[in-house]
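Here's the structure, in structure tokens; my notes come after.
The values are calculated or read from the model by the stated rules, or taken from the named source; none is laboratory data. Not measured: the values here are computed from a predicted model. A quick note on method: Cβ atoms are made from the backbone with ideal geometry, for glycine too, and the neighbour counts reach across all protein chains shown. Accessible surface is based on the protein model in full, side chains and every heavy atom, while ligands, DNA and RNA are left aside. Shrake-Rupley method; radii C 1.70, N 1.55, O 1.52, S 1.80 Å.
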Amino acid sequence: MKNIVVILILSTVISCQSKGHEQQNQTTTPEITVLDTDFSKGQLTLEHDINLQDLEHFHGHLCDGLVQGFLGIKAGMHILYPNGIIDRTNTRIVSKSSPCLTDAAIYLTGGRYQYNSFYVDDSITNGFYIIQRIDNLKTVKIQMNLGVKPPEIDIMGAKAIKGTLSSCDLETLKILENHFTQHLLTTDSETNFTVTELTNFKWNPLIKHDYTKTDILNKNKSICN
């Protein structure tokens, strides 16, 4: 009898662990479903999935800003496209100038400056994206909630942009960002982001091309020893 009880307990533990790992993997590898035309002059019939690794390959590396952009856009698109499928031919986006945020915006929404479906505006208040459906002009703003991001990341990040962080301090910043990335991937987006509908938003593209690409400023620094 005791052997049967032990076997049942072990089976339950293994089952729970398997479910836990499966749930974690689903959480840490987010994806979105998008709709595109099926060839260069085609119809709107091509449905496929884009995951975080796809975006990482486009951007060049995985980082907290890229994850913030992915999850923020996913939260906003849930409001704009409640059926869960994002029409990338019917979406435009305004982003703050972060290299990570802008790359996420372009790749996930299909927005492009030359087609009047993407532009950068650092004057966005209390948010980092504004996303709009073109057909009905429904518009949302994406904001990260207060207290979610450790302030040390922005403090050290500002110093890194100025070039005043040592190689070893850059390693510390990388560790902090990696921990924050995991936090974003393993917690509920509703606790991390707020999506607000904007009723009087005017699409007003800004012509500006001299933003600083901050993720390459320290590329020639020596490795921390």
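General observations
- Residue count for region 60-78, restricted to those that are farther than 19 Å from His179 by Cα, out of contact with any Gly (no Cβ under 9 Å at 6 or more places or on another chain) and open to solvent by less than 20 Å² (accessible area, probe 1.4 Å): 2
- Filter pass, Ser123 being under 12 Å from the mean Cα position of the chain (by Cα), open to solvent by 20 Å² or more (accessible area, probe 1.4 Å) and of a type in the set (S, T, N, Q): no
Let's see how each residue does on (1) aliphatic (A, V, I, L, M); (2) in contact (Cβ under 8 Å) with a residue 40 or more places away in the chain:
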residue	(1), (2)
Leu44	yes, yes
Cys63	no, yes
Gly76	no, yes
Gly110	no, yes
Gln114	no, no
Phe128	no, yes
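- For region 50-93, a tally of residues being within 19 Å of Arg112 (Cβ to Cβ) and basic (Lys, Arg) returns 2.
- If the condition is being more than 11 Å from Val120 (Cα to Cα), surrounded by 13 or more Cβ atoms within 10 Å (Cβ to Cβ) and not aromatic (Phe, Trp, Tyr), then region 202-217 contributes Thr214, Asp215, Leu217.
- Which numbered condition Cys100 misses (of (1) buried (at least 21 other Cβ atoms within 10 Å of the Cβ); (2) touching a residue at least 40 places away in the same chain (Cβ under 8 Å); (3) out of contact with any His (no Cβ under 7 Å at 6 or more places or on another chain); (4) hydrophobic (A, V, I, L, M, F, W, C)): (3)
- In region 79-95, the residues that are among the small types (Gly, Ala, Ser) and surrounded by fewer than 18 Cβ atoms within 10 Å (Cβ to Cβ): Gly84
- In region 184-225, the residues that are under 15 Å from the mean Cα position of the chain (by Cα), within 25 Å of Gln132 (Cβ to Cβ) and among the hydrophobic types (A, V, I, L, M, F, W, C): Leu184, Phe193, Val195
- Output for region 138-162, where each listed residue is open to solvent by 60 Å² or more (accessible area, probe 1.4 Å), among the aliphatic types (A, V, I, L, M) and touching a residue at least 40 places away in the same chain (Cβ under 8 Å): Ile161
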